[in-house]
Amino acid sequence: MTTTAPPGAADGEGITMNGLRLVRLHAAAFGRFAGLGSAVTLAASAALVLLSQWIPWMAANALTTVASAVVATELHARVSFGHGRPGLAGHLKSAATIAAGWLATSAAVGALTMLRPGAGLVLQQTVYLSATALVGIGRYLVLRLAVFAEDIPQRQTGGEIRSRAAYNAAA
């Protein structure tokens, strides 16, 4: 990928500066995403433990997932990605990634239940939180590059204008 060096920069210096800027941009966004996502996940995990005392685990997981989905989507759109209010389309797209995550966490805990029927709460939560962490990485990529990507032109390279999402993905 070639970029135009900023005015006054030596040949090739703009590429390095833009690459470092993108790394910092993504690192900061991922840090916010991970921090907010972890906080919401830990709160959902605590709610899951409480709810699963009164209702089946799968139902408790579904309820905590829906509640945390709304909160997480708002936080990620506004804070992690600086996108503003996500709107209905943003919530629905984010919900699709969360539905996939719910299936993955349910499958992980379901597999644990089948393999170790007497598994204790600590092991259940370890499996659940580990699966959630893996799902979170996938969610970050989808949300950052597709759902909350800005489609305004940012870079022009060799006669083509790339959207910010395409530019960030290429970097």
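Readers should treat all values here as calculations from the given coordinates under stated rules, not as data from a laboratory. Just so you know, these numbers come straight off a predicted model, no measurement behind them. FYI the Cβ positions are ideal-geometry reconstructions off the backbone, even for glycines, and counts take in every protein chain you see.
Structure above, values below:
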| read-out | value |
| --- | --- |
| Cα shape, the stretch 100-145, gyration tensor, a/c 1.5 rule | prolate |
| Sequence-distant residues sharing a close amide H with HIS83 (under 5 Å, placed H) | ARG78 |
| Value of relative contact order over the stretch 21-100, rounded to a whole percent, pairs C-alpha under 8 Å and six or more apart | 30 |
| Whole-Å distance, taken between Cα centres, linking the stretch 51-114 and the stretch 115-133 | 18 |
| Cβ-defined net charge surrounding SER80, 9 Å radius [Lys, Arg +1; Asp, Glu -1] | +3 |
